[in-house]
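Just so it is clear, none of the values below were taken in a lab; they were calculated from the coordinates. As the structure is a computational prediction, the values presented were derived from the model and not from experiment. Heads up, the Cβs are rebuilt from the backbone with ideal geometry, glycines too, and the neighbour counts pull from every protein chain shown.
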Amino acid sequence: MNKISSTSLIGGAVVVAMAVGLYLGVAKRGLPPEGLGMGLWRKIKRKKKPLRVYMDGCFDMMHYGHCNALRQARAVGDQLVVGVVSDAEIIANKGPPVTPMHERMIMVKAVKWVDEVISDAPYAITEDFMKKLFDEYKMDYIIHGDDPCVLPDGTDAYAVAKKAGRFKQIKRTEGISSTDIVGRMLLCVRERSVSDSHNHSSLQRQFSHGHSQKFEDGGSGSRSGTRVSHFLPTSRRIVQFSNRKGPGPNAHIVYIDGAFDLFHAGHVE
Ligand code: CTP
């Protein structure tokens, strides 16, 4: 009896070890290893602890740069938790946001790559908050774009996470930011009353024009000194943003149109 149970125990251990070994060997390709059925493969995959990643941000006047950041962050792990920075923290570190906390929450929650949202997150990752992220929220990594994020005292907002070896970076999307959108709005106002042409062209130099720049400046986008988004909607890029699913055979397909300028909580609803 003892012999049988120890044999089956060893046998079981060998099967598990083989499965784990095979799993580790081919996990990257996402296919079942040779000799392993799809059912067992799925079971092993299910048992693997999901990699949880945290990204924080202000997400003021949410734009495609933010969505691209969330998409990339989600691709780093299996579950993405987003900390939406509180109004008070934004005021203290950057100046007042245009969209308040509850609207920013609606926007972030609506993004398909976001699994969980934490409201009133701090602007900087402190030792205490990092501990909470690891112990309470079971985070594996903290993620931010590759732009420097400095606090008013000049220190790095992610220094603690970097020191702990739990920080990962994604590529920031060029040519779009909340500050840039505010600049574009100022340009719209100026265009309606162009009495101060010096200030107008100075604003144009600072902010991307947003609409039809390539037609207005002959396509270079640089003659007027404005910055133009390099976010090209190539077919590869569109696939990255899609969920790779088409409508089912009996699906009801609805159409809605609109300008969707400065996409906001009302649009989401
Ligand atoms: N982000 C990005 N590309 C952009 C803008 C933001 O990848 N064009 C990323 C940031 O690096 C950050 C997250 O989106 O990881 C949230 O950004 P947010 O806190 O809203 O602030 P900013 O980086 O200042 O964005 P903005 O300049 O638009 O205010």
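Which residues, taken from the stretch 46-59, are near the ligand (Cβ under 9 Å from one of its atoms) and either hydrophobic (A, V, I, L, M, F, W, C) or assigned to a helix (DSSP H, G or I) (or both)? Full working, then the answer.
Taking the stretch 46-59 first, the residues near the ligand (Cβ under 9 Å from one of its atoms) are 55-59.
Matches in the stretch 46-59: 55, 58, 59.
Within the stretch 60-104, restricting attention to residues that are part of a strand (DSSP E or B) and aliphatic (A, V, I, L, M), which residue is surrounded by the fewest Cβ atoms within 10 Å (Cβ to Cβ)?
81
Could you tell me whether residue 135 is acidic (Asp, Glu), more than 16 Å from the ligand (Cβ to nearest atom) and under 22 Å from residue 88 (Cα atoms)? So that I can check it myself, show each step before the final result.
Numbers: acidic (Asp, Glu): yes; more than 16 Å from the ligand (Cβ to nearest atom): yes; under 22 Å from residue 88 (Cα atoms): no.
No; evaluated as a whole, the condition is false for this residue.
I'm trying to understand the selection: among the residues of the stretch 143-188, which are under 17 Å from residue 82 (Cα atoms), part of a strand (DSSP E or B) and more than 10 Å from the ligand (Cβ to nearest atom)?
Within the stretch 143-188, 167, 168 qualify.
Tell me which of these residue 103 doesn't satisfy, since it passes every other one: (1) within 15 Å of the ligand (Cβ to nearest atom); (2) under 17 Å from residue 53 (Cα atoms); (3) acidic (Asp, Glu).
Only one criterion is unmet by residue 103, namely (2).
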